[in-house]
Amino acid sequence: MKKDFRVVVLISGRGSNLKSLLERAENYSIVGVVSNKPEAPGLEYARSAAIPALALSRKDYGSLADFKQALFEKVASLSPDLVCLAGFMLIVDAPQVERFSGKIINIHPSLLPKFPGLDTHERAIAAKEKEHGCSVHVVSAEVDAGPLIAQAKCEVFPSDTPESLASRVLGFEHRLYPWVVNQVAVGNIALSPTSVLVREEGNNAAQEQGFLIV
Ligand code: GRF
C-alpha cells in the first residue's frame, strides 16, 4: 500500500507509543516528530529510524503561548494529515485545536470520561475499579474531553500496584493507537472536531481486535 497519509507525532518523553506507531505503520508514514523537550528519549529513537525529529526549548520563548505557537508552526511545516499526541505533556490551546481542526488525536491511559488528567492508574486503583484501560480521542480545547474514537479495556487485579497496572495498560496502548491511525488513514474512521464516524469495516476490525468503539 502507498503510505502517503502523513502523520506527525508530538512527544515529551520516553516515546514508547511513538515506537509502536512506527513499528505498526501499515497505511501511513510518520513524516516527523516534534517535542517540547530537547532531552526527550523518544527523539533519539525517531532519529535512529531516520525520521526527522526536532525539539524547541521553552527558555527560547517569552511566553508559553508563543512557545506553543512555534511548536505548532513546526508541525504545520510538515503538512500532516493527522497529528498524534503521544505522551505530549503540554495542553493544546484553542488556536492550535482550530488550526488542525479534527486532525489532532491523543492517547490517554484511562477509560475516558473516567480519570482525565494525571495519575490515572493510582486513581483507578483507589476508586476500586474492576476495569481500566486506554482511550484514543479527538483533541478539543478541553483537556482529555474530545470525542472518543476507541478504547481498550483490561482487568484490574486486587494485587495491582500503579506500576503493574500502568504496564498492562501500556501494552494495550501500543496496540490501540497504531490501530486507530491505520483505520483513519484508510478512511474506516472519519474524524471531525465534534464527532467520529466509524464505517462498518472499522467496526468489524475493532471487534476482531477486541477494541471498543464508543
Ligand atoms: C502514555 O501512557 C500515554 O497514554 C500518556 O503518556 C504516556 C506516554 O508514554 N499520554 P510514552 O512516552 O509513549 O512511552
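Every read-out reported here was derived from the displayed coordinates using simple, explicitly stated rules and does not represent laboratory data. As the structure is a computational prediction, the values presented were derived from the model and not from experiment. Reconstructed Cβ throughout: ideal geometry from the backbone, glycine too, with neighbour counts over all protein chains shown.
Taking N as the number of residues in the chain, what value does Rg over Cα atoms divided by 2.2 N^0.38 Å take?
0.98
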C-alpha center-to-center spacing [the range 78-99, the range 10-75] in angstrom: 11
Dipole of the chain, positive end: most advanced residue of Pro158, Gly133, Gly32 [Cβ charges, Cα centre]: Gly32
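Just how large is the dipole of the range 1-117 about the Cα centre, in debye to the nearest 20, putting +1 at every Lys and Arg Cβ and -1 at every Asp and Glu Cβ? Walk me through the numbers on the way to the answer.
On the way: 15 positive and 11 negative charges, 39 e Å.
Here the range 1-117 has a charge dipole of around 180 debye.
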For Leu10, distant residues with modelled amide H under 5 Å away: Val34, Cys84, Leu85, Ala86
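Using alpha-carbon pairs under 8 Å, 6+ residues apart, how would you state the relative contact order of the range 1-151 in percent?
Values: 272 pairs, mean separation 31.3, N = 151.
Across the range 1-151, relative contact order equals 21 percent.
I need Cys84, Cys134, Cys154 ordered by Cβ neighbour count within 10 Å, fewest first. Present the calculation step by step, with values, prior to reporting the outcome.
Details: Cys84 29, Cys134 26, Cys154 15.
Ordered from fewest to most neighbouring Cβ atoms within 10 Å, Cys84, Cys134, Cys154 come out as Cys154, Cys134, Cys84.
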